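Comments concern the structure below.
The values are calculated or read from the model by the stated rules, or taken from the named source; none is laboratory data. All values derive from a computational prediction rather than experimental measurement. Positions of Cβ are generated from backbone atoms using ideal geometry, with glycine treated the same way; all protein chains shown enter the neighbour counts. Surface areas here come from the heavy atoms of the whole protein model, side chains and all, with no ligands, DNA or RNA. Shrake-Rupley method; radii C 1.70, N 1.55, O 1.52, S 1.80 Å.
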Amino acid sequence: MAGEWFENLEASPKHWEAFKTAFLEQFTDNNTSITLRNQFRNIKQEPSKLVMTYFGKFDKLLRRICQLETNKYYFNAQILDQFIAELKDKLIKKVCPHAPEDLATAIQ
């Protein structure tokens, strides 16, 4: 199916981003993106789980969203805000005073 689609392209994409955009437009629908964004908004650090377990799930969903989102809907500030907002309360109190500028800093 994908091979046939690629062979029938009028102009083969010369760069990865162009190929990725064309491929995703052909083989994904808006519902997939909406479902992933909803899962992302609802992900939380579970009380009995470590931060790195939460981060692993967070990062996996974020990577899938970024693959689908050709308009790069999620900016760094939005990602950081979402990550911090769903930490355990005691961790939010530890992270916020440091005002991390990015996700890597927040998980330290």
- Could you list, in sequence order, all residues of segment 53-80 that are within 17 Å of D102 (Cβ to Cβ), open to solvent by 100 Å² or more (accessible area, probe 1.4 Å) and either at pLDDT 85 or above or not in a loop (DSSP other than H, G, I, E, B) (or both)? R63, N76
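With the requirement that a residue be of a type in the set (A, V, I, L, M, F, W, C) and within 14 Å of T105 (Cα to Cα), what does segment 77-92 give you? Explain how you work it out, then say what you get.
Of segment 77-92, the ones of a type in the set (A, V, I, L, M, F, W, C) are 77, 79-80, 83-85, 87, 91-92.
Matches in segment 77-92: A77, I79, L80, F83, I84, L91, I92.
If I ask for residues that are in contact with a Leu (Cβ under 7 Å, 6 or more places away or on another chain) and either at positive phi or open to solvent by less than 60 Å² (accessible area, probe 1.4 Å) (or both), which ones from segment 23-52 would you list? So that I can check it myself, show each step before the final result.
Step one: filter segment 23-52 for residues in contact with a Leu (Cβ under 7 Å, 6 or more places away or on another chain), giving 24, 28, 32-33, 36, 39-40, 43, 45, 51.
L24, T28, T32, S33, L36, F40, I43, Q45, V51, listed by residue number.
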